[in-house]
Amino acid sequence: MAVADSIISVSQTHEPARAKRRGVKLSTIADHAILIAGALFMLVPVYLALTTASHDAVHIQREGLSFGFSDDLVKNFDAALFAKGGFTGAITGTTMLLNSFILGVGFAVGKIVLSMIAAYAIVYFRLRFATFAFWAIFTTILLPLEVRIVPSYEVIQGIGLTNTYTGLIVPLLASATGTFFFRQFFLSVPDELVEAARIDGAGPVKFFIDILVPLSRTMIAAIFIIMFVYGWNQYLWPTLITTEEGLFTLVRGIRQIIQAMAEGSQIPEYGRMMALAIIAMLPPVAIVILFQSWFVKGLVESEK
């Protein structure tokens, strides 16, 4: 009887464990199913754009989106990058790609420089209204470009910066996002490091360049990724500020080329349009993939 009771007690203790394991497995399967469904929801349109870009314009006009590949993929991508188009017939996908890189990199670098300087002044200088200045900067999050786009356009037009790279980049630089992240990171720097730098005779500029900037590498990488993607995907501001096709960014120029094709021919070159859309997606995806570990590390450090 004692042996039987012990067997029963052992089996009873194992039943909850088995049930728990079974529950963990079911929850894991459910989690992965949701993640796979979300990934498919995001990737299927990209796959459709890629497969449709491999067909000629007549087939796409007649059949619509295609799930299978054809023989015109290289031809359409070559036309998207090197064939001239637009209303002037002088713009290429390569030119628009270069303009997008200039906008994305210029916006990200300018934002990082301004944000680091502002955060450095707020954290390390004894300003009477430093806290007020920070919150004044932080409240600009409530005023995105779309809200202040008319006065911004009036200012840029008034100083003659329309159809220039400066006019494209500078009005986008001032915001609180980067300042907030760098302020939080600078606050986490130990006071002993500041005292040691002061004892060694490091002035404000030397301390900033030789100590804070190297310490902020992961944060700089994280902010660079966020701002590059944001600048790359800008559509409204480039649409307003550029009227010359030679300054069109890729996101802006796709619409212009599509419109010119639709008005200039009976069958628009849908394959070339899809190829341009795929090309527009590749650089931000590549940046995120290459610097993903830096991105996560930078955001984690900002929360400490």
Practice task
Compare the Cα positions of PHE67, LEU143, ALA130 along the charge dipole of the range 63-143 (+1 at Cβ of Lys, Arg; -1 at Cβ of Asp, Glu; about the Cα centre) and return the one farthest towards the positive end.
Solution key: ALA130
Problem - Ordering of 165-178, 99-112, 275-288 by burial proxy (mean other Cβ atoms within 10 Å per residue, highest first) - result: 99-112, 165-178, 275-288
Practice task
Over the chain, average the accessible area per residue using a 1.4 Å probe and give it in Å², no decimals.
Solution key: 59
Practice task
Assuming a ≥ b ≥ c are the square roots of the Cα gyration tensor eigenvalues, decide whether the chain counts as rounded (a/c under 1.5), prolate (otherwise, with a/b larger than b/c) or oblate.
Solution key: oblate
Problem - Size of the range 65-223 as Cα extents on the principal axes (Å, biggest first) - result: 67, 38, 30
Handout entry: Residues listed by number, the range 170-188, amide nitrogen under 19 Å from VAL147 label point at 7 Å toward C-beta
Key = 171-181
Handout entry: Dipole magnitude of the chain, debye to nearest 20 (Cβ charges: Lys/Arg +1, Asp/Glu -1, about Cα centre)
Key = 580
Practice task
Can you give me the three principal axis dimensions of the range 181-281 from its C-alpha atoms, in Å, biggest first?
Solution key: 75, 24, 17
Problem - Carbon and sulfur %, accessible surface of the chain computed with the full protein complex present, 1.4 Å - result: 68
Fill in the blank from the handout: For ILE117 and SER27, extending 7 Å from Cα along the Cα-Cβ vector and measuring point to point gives, in nm, a value of 5.1
Completion exercise
Among the DSSP H helices of the chain, those whose Cα atoms extend at least 18 Å along the helix axis and whose mean Kyte-Doolittle hydropathy is -1.0 or higher are 2-52, 93-124, 217-232, 250-264, 270-290
Problem - For the range 52-154: span of alpha carbons on each principal axis (Å, largest first) - result: 68, 32, 23
Exercise for the section: Sort LEU240, LEU73, LEU40 from largest to smallest accessible area, using a 1.4 Å probe on the heavy atoms of the protein chains. Expected result: LEU40, LEU240, LEU73
Exercise for the section: Give the accessible area for ASP200 in Å² (nearest 10); use a 1.4 Å probe, count only protein heavy atoms, and leave out ligands, DNA and RNA. Expected result: 130
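The values are calculated or read from the model by the stated rules, or taken from the named source; none is laboratory data. Small disclaimer: the values here were computed from a predicted structure and weren't measured. Here the Cβ is made from the backbone with ideal geometry for all residues, glycine too, and neighbour counts use every protein chain on show. When the accessible area is computed, the model is the full protein with side chains, heavy atoms only, and any ligands, DNA or RNA have been set aside. Shrake-Rupley method; radii C 1.70, N 1.55, O 1.52, S 1.80 Å.
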